[in-house]
Amino acid sequence: MKKRLNFSLILIELQSKNALQVRNCLLTDGESTALKNSLMFLHVSELKDLAVKLYLVDKGNKMALIMRILHFLHTGKKLAVPKFPEKSRAMRGQIYPIHSSALMLKGSYKNDLKTRLFFKQLLGDHFHFTAYGIDWLNERWMQGNPPTYQEFARMWQEEHERRKNVPAAPKEEWAYINFVQNFLQNSLEASRECINHAWECERQKHKANINAWLEEKKSVIWTI
């Protein structure tokens, strides 16, 4: 069972949510960069714990949580959780078929076996769900311009061909993958056990950095 961050020793107990006030410009640019880097090493469950402690919405993926926390600590303002336009959302209770000209709508589209087999029919057995595909789809939904399955297939194949020649770097929030790649540059023969041990040691170091920063700033973060 994964341990969760314990902030009880560094957070002032609040009597109400309205008592929480964060002073502007708490983070310098250097501190913001360092804190962001350390937050990347936390699990999503740990980031959600921190968001709850700060009375922030704990919904969204890892990067959304990190940016919400940083924005709050830097400005004292809570970012509004973006909502997908109605045009991009499926109507509750309605069945949406999967075919080339059908729209991929938030709430009806699923990364499941049925969808994967459909795209394999369109593109071939090399199709697989990818992070860049999901990012592109979310961007189209947020623009209120949901794509058809055929449009998605065309985008996916073009990106697949492009990445054969120009491999994409791991996303910033993929801290484990980035860590392993850097670690193997200096330890090519390292075992999986060795890598995972080094990763957990690095994670603990960054968790300690976050705790230390909150301890140092607690007198100016919270005022009652």
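The values are calculated or read from the model by the stated rules, or taken from the named source; none is laboratory data. What you see is a predicted model, and the numbers here were worked out from it, not measured in a lab. Because the Cβ atoms are built from the backbone with ideal geometry, glycine has one as well, and the counts that use them run over all protein chains shown.
Here is a list: Trp213, Trp199. Which entry is surrounded by fewer than 17 Cβ atoms within 10 Å (Cβ to Cβ), more than 28 Å from Ser100 (Cβ to Cβ) and in contact with a helix residue (DSSP H, G or I) (Cβ under 8 Å, 6 or more places away or on another chain)?
Result of the check over Trp213, Trp199: Trp199.
For the range 113-144, enumerate the residues that are under 17 Å from Arg163 (Cα atoms) and aromatic (Phe, Trp, Tyr).
Of everything in the range 113-144, those that are under 17 Å from Arg163 (Cα atoms) and aromatic (Phe, Trp, Tyr) turn out to be Phe127, Phe129, Tyr132, Trp136.
Would you confirm whether or not the range 149-159 contains a residue that is surrounded by 12 or more Cβ atoms within 10 Å (Cβ to Cβ), of a type in the set (Asp, Glu) and in contact with a Phe, Trp or Tyr (Cβ under 7 Å, 6 or more places away or on another chain)?
yes
I need every pair where a residue in the range 174-192 that is within 24 Å of Lys36 (Cα to Cα) has its Cβ under 6 Å from the Cβ of a residue that is of a type in the set (Phe, Trp, Tyr), sequence separation at least 6 or different chains.
What qualifies is Ala175/Phe41; Phe179/Trp199.
Tell me yes or no: at least one residue of the range 10-24 is among the hydrophobic types (A, V, I, L, M, F, W, C), within 14 Å of Ile210 (Cβ to Cβ) and modelled with pLDDT under 50.
The answer is yes, given that some residue of the range 10-24 is among the hydrophobic types (A, V, I, L, M, F, W, C), within 14 Å of Ile210 (Cβ to Cβ) and modelled with pLDDT under 50.
Could you give every pair whose Cβ atoms fall below 6 Å, whose first residue belongs to the range 92-116 and is loosely packed, with under 14 Cβ neighbours inside 10 Å, and whose second residue is outside any strand (DSSP E or B), counting only separations of at least 6 or pairs across chains?
Here the result reads Ser100/Tyr149; Ser100/Gln150; Asn111/Phe129, each pair linking the range 92-116 to a residue that is outside any strand (DSSP E or B).
If you scan the range 69-88, which residues turn out to be within 17 Å of the chain's Cα centre (by Cα) and in a helix (DSSP H, G or I)?
Answer for the range 69-88, where residues must be within 17 Å of the chain's Cα centre (by Cα) and in a helix (DSSP H, G or I): Ile69, Leu70, His71, Phe72.
Would it be correct to say that Arg68 is farther than 22 Å from Arg116 by Cβ, at pLDDT 95 or above and surrounded by 13 or more Cβ atoms within 10 Å (Cβ to Cβ)?
no
Just checking, how many residues over the range 44-56 are crowded, with 16+ Cβ neighbours inside 10 Å and not in a helix (DSSP H, G or I)?
Total satisfying the criteria: 2.
What about Thr75, is it free of Cβ contacts under 8 Å to residues at least 12 places away in the same chain, over 21 Å from Asn145 (Cβ atoms) and outside the structural domain of Glu151 (by TED's automatic domain parsing)?
It is false that Thr75 is free of Cβ contacts under 8 Å to residues at least 12 places away in the same chain, over 21 Å from Asn145 (Cβ atoms) and outside the structural domain of Glu151 (by TED's automatic domain parsing).
I need a count of the residues in the range 56-73 that are more than 16 Å from Ser38 (Cα to Cα) and touching a His at 6+ places or on another chain (Cβ under 9 Å).
Residues in the range 56-73 being more than 16 Å from Ser38 (Cα to Cα) and touching a His at 6+ places or on another chain (Cβ under 9 Å): 0 in total.
Inspect the range 176-192 for any residue being under 26 Å from Ser101 (Cβ atoms) and either at pLDDT below 85 or of a type in the set (Lys, Arg) (or both) and give the result as yes or no.
Checked against the condition, which is being under 26 Å from Ser101 (Cβ atoms) and either at pLDDT below 85 or of a type in the set (Lys, Arg) (or both), the range 176-192 yields no hits at all.
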